[in-house]
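Taken together, the values in this text are just the output of simple stated rules run on the coordinates, not laboratory data. Bear in mind the structure is a predicted one, so any value in this text is a computation, not a measurement. Cβ coordinates were reconstructed from backbone atoms using ideal geometry, including for glycine residues, and neighbour counts include every protein chain displayed.
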Amino acid sequence: MVPELGHFALILALAVALVQGTLPLVGAARGDDRLMALGRTAALTQAFLVILAFGALTQAYVTSDFSVANVVANSHSAKPLIYKISGVWGNHEGSMLLWALILSLFGAAVAIFGANLPDTLRSRVLAVQALIGVGFLAFLLFTSNPFERLSPAPTDGNGLNPLLQDPGLAFHPPLLYLGYVGFSVTYAFAIAALLEGRVDAAWARWVRPWTLAAWCFLTLGIALGSWWAYYILGWGGFWFWDPVENASLMPWLAGTALLHSAIVVEKRDALKSWTVLLAILAFSLSLLGTFLVRSGVLTSVHAFAQDPARGMFILAFLLAVTGGGLALYAWRAPKLESSGLFQPISREGALILNNLLLCTLAATVLLGTLYPLFLDLLTGNKVSVGPPFFNATFVPICAPLFAALCVGPFLGWKRAELWPALMQLRAAFAVSVIVAIVASYAIDGRATLAAVAFGFGVWLIVGSLVEFAGRLRLGRAPLAASLRRLRATPRASLGMTIAHTALGFVVLGAVATSAWHLELMRTMKPGETVAFAGYQVTLQKVEEVKGANYIAERATLAVAYDGRPYTTMQPERRLFLVQRRQVAETAIHTNLLRDFYVTLGEGDRNAGWVIRLYLNPLAPWIWLGAAFCALGGFVSLSDRRLRIGAPSRRPAVQAAE
Amino acid sequence: MSRRLLFLLPLLTLALMAGFFAWSLLAGRDPAAIGSVLVGRPAPHLDLPALRAGDPPITDALLKSGKPVLVNFFASWCAPCLAEHPLFTRLGEREGATIIGIAWKNKRDEAEAWLKRLGDPFKSAGLDLDGKTGLDWGLSGVPETYAIDGNGIVRMHFRGPITERDLNESILPFLKGAK
């Protein structure tokens with residue numbers, strides 16, 4: 001009965017979303033307070049109903065209710081509890097339900113925290129949010145019903161895709177969706193602003209926390225996905241420019257641009273139509289990613305259930321959301337007047353440069369992802385665009401972005417001098433150049449570009465810290481005064497410094513891992529020892545072990561350094577019994593400066609086992625850096641939350657209402 | 001007016017993209033499986049320099065040895081090739097299959113380094129730097145794998161990486177049956 005309850009709750013949620021998506025709009029147009037108030041009630045009701053539906057599906061998974069087709073296809077009674085729960089979103093129907101859940105939760109959050117928004121703006125935002133919800137709920141109910149029953153019920157399920165039975169991937173989709181769906185709120189704000197015909201500093205101040213929150217979650221989601229690919233696929237790499245990865249990178253780039261351009265709207269009352277466009281694009285690119293991944297238009301190494309009928313629905317939905325938004329934009333945006341005058345050398349000038357470069361990056365990724373499709377349809381040629389394309393396009397565009405990133409914070413608003421800013425950075429520049437030269441000589445003389453890229457990483461870190469030290473007048477004022485300044489520093493600029501510095505660490509990790517890693521592949525029999533990068537690695541034994549729903553070969557390797565025992569590593573190769581599928585479980589020993597990475601390959605007692613060893617310098621920094629990037633966002637967000645209530649109390653904004 | 005057009009630009013771009021997407025969906029195109037005209041026909045001509053220094057060149061004779069042969073097109077820059085590589089290692093080392101590897105549009109030193117790193121399951125390895133042989137073979141990208149019987153007739157054609165399932169259900173029965 002519980003699945004039926006969930007199903008009914010979902011149908012009711014669709015009905016409520018229809019009401020929420022229409023009546024408040026009418027109310028906002030006519031100035032009818034009661035219709036506008038309906039938006040808040042409906043948003044809370046809708047959230048409650050979708051929570052109910054999600055709870056019902058979770059219950060079916062946890063109790064292994066094999067009369068539900070979705071549970072049969074994706075779960076198994078022998079699965080550990082955590083993967084029974086993550087199985088809820090580890091499939092197409094469930095992940096769409098998770099998407100709808102987060103969407104309605106964000107809607108409810110706008111209803112709860114948006115008490116200080118002007119009534120018309122709030123009801124329009126809620127209505128747009130609900131219209132997006134209508135699309136997702138209809139998609140679920142008509143094409144991907146997760147509550148479909150199966151009769152007769154089989155005795156056991158088919159189990160979750162073994163690759164997904166991993167703690168990293170259990171939380172990757174929810175984080176990613178928090179990011180994608182978070183952009184739906186900024187999209188709703190952009191549409192509401194176009195309907196209102198007004199974009200002002202107050203609007204930017206409301207949009208920024210939502211953008212920040214979505215951006216932080218997306219950052220964490222992407223980092224977790226990349227980390228997962230690193231340790232589960234066993235290829236030693238962390239980013240493969242696969243369409244699925246690109247699909248999440250594009251909204252991230254657009255969102256990063258939005259994050260920065262919203263500041264210009266807030267502080268300088270300029271760049272309005274551009275910011276609105278970015279808000280529309282960030283969410284559109286999120287939807288585009290979903291479409292590409294699930295429709296079967298592009299192939300990917302990552303497997304997803306693909307169905308052209310669903311593809312048509314998502315395409316129609318994508319067109320309605322993006323097309324509707326952009327049509328409204330083409331119609332209303334020319335009326336958005338900016339008051340600010342522009343000087344190229346100024347904080348806002350630097351932020352525009354940042355936006356141009358970030359958008360170029362997003363366009364590059366979009367082109368690289370879609371080019372095979374275009375070419376195939378136009379000429380029938382099949383090509384695959386791989387890392388060479390992205391290394392030749394994406395990476396060089398990053399160089400000016402990183403170069404300018406440290407200079408921007410030194411420039412003042414309105415008008416600034418470039419030379420004093422550069423002079424303040426001369427120490428950072430010197431350090432970076434020295435590091436790059438040392439790296440190119442000491443590590444690998446042939447990898448000059450890698451050394452330059454490494455220098456850029458150092459530049460980001462030192463440049464950001466120099467800026468922060470200057471802000472605190474560290475060294476130039478008494479320590480007590482600097483500490484006082486530290487306490488008075490707004491959280492937003494603290495967050496900026498953290499995020500920019502962390503980006504530098506990501507760059508260092510990525511460059512070092514890609515360019516300077518060491519690898520060794522050797523077929524080893526138990527008892528054999530190989531020397532690798534100063535370590536002596538001995539294969540002690542390979543044994544069979546039994547897990548909850550798999551059997552595995554587990555190798556035990558003793559690693560010694562200078563003859564002294566250093567660590568023991570146990571990579572596995574798991575064979576999942578239900579799906580007859582093998583998954584490599586790498587063993588990684590990290591000391592935060594480098595990863596010692598071992599995978600176990602094919603083999604048997606007579607021939608020996610294929611053992612692959614990697615030494616990845618600075619690899620942990622990639623994910624730690626990304627996590628700190630997100631942390632910087634959260635720090636900045638904590639500042640906003642305190643100040644978000646301010647504008648509605650200010651006379652200037654009250655007059656504007 | 002031109003300012004208006006500027007604001008219309010995003011919408012126009014979207015319309016163009018959407019046209020392509022709809023075309024792709026309606027054409028019923030499956031990017032993973034496109035079928036092959038080669039199955040049942042003699043394998044195309046093969047005349048390539050060897051990838052490994054000192055090996056004899058790769059010619060048609062290798063395909064007509066009377067034994068079934070697998071021909072695998074790969075490249076060091078291709079991630080799916082990495083995914084299927086362990087299966088070829090198993091085929092070559094454990095099942096004793098004869099596999100001809102052809103590095104497609106790949107620099108010699110990069111392909112060699114790739115094989116050195118991952119292991120080299122190929123009995124013979126050729127280099128198709130300009131991709132002409134790939135054209136003759138109807139290649140749509142890498143990786144692709146052809147199963148050729150002892151008489152030089154193509155029996156199976158896999159586009160994209162081979163999977164455990166392909167191995168167990170198609171390739172191994174073929175190798176056993178063709179003997």
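What the table shows:
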{"read-out": "Residue with peak Gaussian network fluctuation, chain B [Cα springs, cutoff 10 Å], from B:T89, B:T98, B:T13", "value": "B:T13"}
{"read-out": "Two-decimal Rg to Rh for chain B - Kirkwood Rh, Cα set", "value": "1.12"}
{"read-out": "Sorted by Cβ density within 10 Å, fewest first, the residues A:L150, B:L175", "value": "A:L150, B:L175"}
{"read-out": "Estimated distance in nm for a label pair at A:T22 and A:D444, the labels positioned 7 Å out from Cα along Cα-to-Cβ", "value": "6.2"}
{"read-out": "Least to most buried among A:H76, A:H589, A:H172 (fewest other Cβ within 10 Å first)", "value": "A:H589, A:H76, A:H172"}
{"read-out": "Averaged over B:78-87, number of beta-carbon atoms from partner chains that fall within 10 Å", "value": "5"}
{"read-out": "Alpha-carbon Debye profile of region A:518-619, log10 I(q)/I(0) at 0.15, 0.23, 0.25 Å⁻¹", "value": "-0.59, -1.22, -1.37"}
{"read-out": "Nitroxide proxy distance, nm - points 7 Å out along Cα→Cβ at A:Y561 and A:R605", "value": "3.6"}
{"read-out": "Over 22 Å (Cα to Cα) - which of B:K67/B:K123; A:K79/A:K546; B:K67/B:K176; B:K67/B:K132; A:K546/B:K176 fall in this group", "value": "B:K67/B:K132; A:K546/B:K176"}
{"read-out": "Cβ-based exposure ranking for A:T556, A:T120, A:T369, A:T448, in which fewest neighbours within 10 Å come first", "value": "A:T448, A:T556, A:T120, A:T369"}
{"read-out": "Inverse mean reciprocal Cα-Cα distance (Kirkwood Rh) of the protein assembly as shown, Å", "value": "29.1"}
{"read-out": "Dipole-positive endmost among A:T538, A:M524, A:G608 within region A:467-610 (Cβ charges, Cα centre)", "value": "A:T538"}
{"read-out": "Pairwise label distance in nanometres, A:Y371 with B:D130, each label 7 Å out on the Cα-Cβ vector", "value": "2.2"}
{"read-out": "The protein assembly as shown - share of DSSP beta bridges that are antiparallel (%, nearest 5)", "value": "85"}
{"read-out": "Histogram of C-alpha separations across region A:62-205, 5 Å bin width, %", "value": "2, 9, 16, 17, 15, 12, 9, 8, 6, 4, 2, 0, 0"}
{"read-out": "Rg(Cα)/(2.2 N^0.38 Å) for region A:253-298, N = residue count", "value": "1.43"}
{"read-out": "Per-residue average of Cβ from other chains inside 10 Å of B:5-15", "value": "6"}
{"read-out": "Calculated P(r) tail over 22 Å for region A:429-530, as whole % of Cα pairs", "value": "50"}
{"read-out": "Average projected area [Cα convex hull, region A:533-587], square nanometres", "value": "4.1"}
{"read-out": "GluC sites (Glu not before Pro) lying in DSSP loop within region B:70-134, provided at most 15 other Cβ fall within 10 Å", "value": "B:E95"}
{"read-out": "Shielding score for B:106-117, defined as the mean number of other chain Cβ atoms within 10 Å", "value": "1"}
{"read-out": "Relative contact order %, chain A, counting alpha carbon pairs below 8 Å whose residues are six or more apart", "value": "11"}
{"read-out": "Cα extents of region A:157-289 along the three principal axes, largest first (Å)", "value": "52, 32, 21"}
{"read-out": "Sequence-distant lysines (8 or more away, or on other chains) whose Cα lies within less than 18 Å of A:K335", "value": "A:K272"}
{"read-out": "Calculated FRET value between A:S638 and A:L593, using beta carbons and R₀ = 22 Å, to 0.05", "value": "0.10"}
{"read-out": "Electrostatic dipole magnitude of the protein assembly as shown [Cβ: Lys, Arg +1; Asp, Glu -1; Cα centre; debye, to 20]", "value": "2220"}
{"read-out": "Cα-Cα pairs of region A:29-82 separated by more than 19 Å (percent)", "value": "51"}
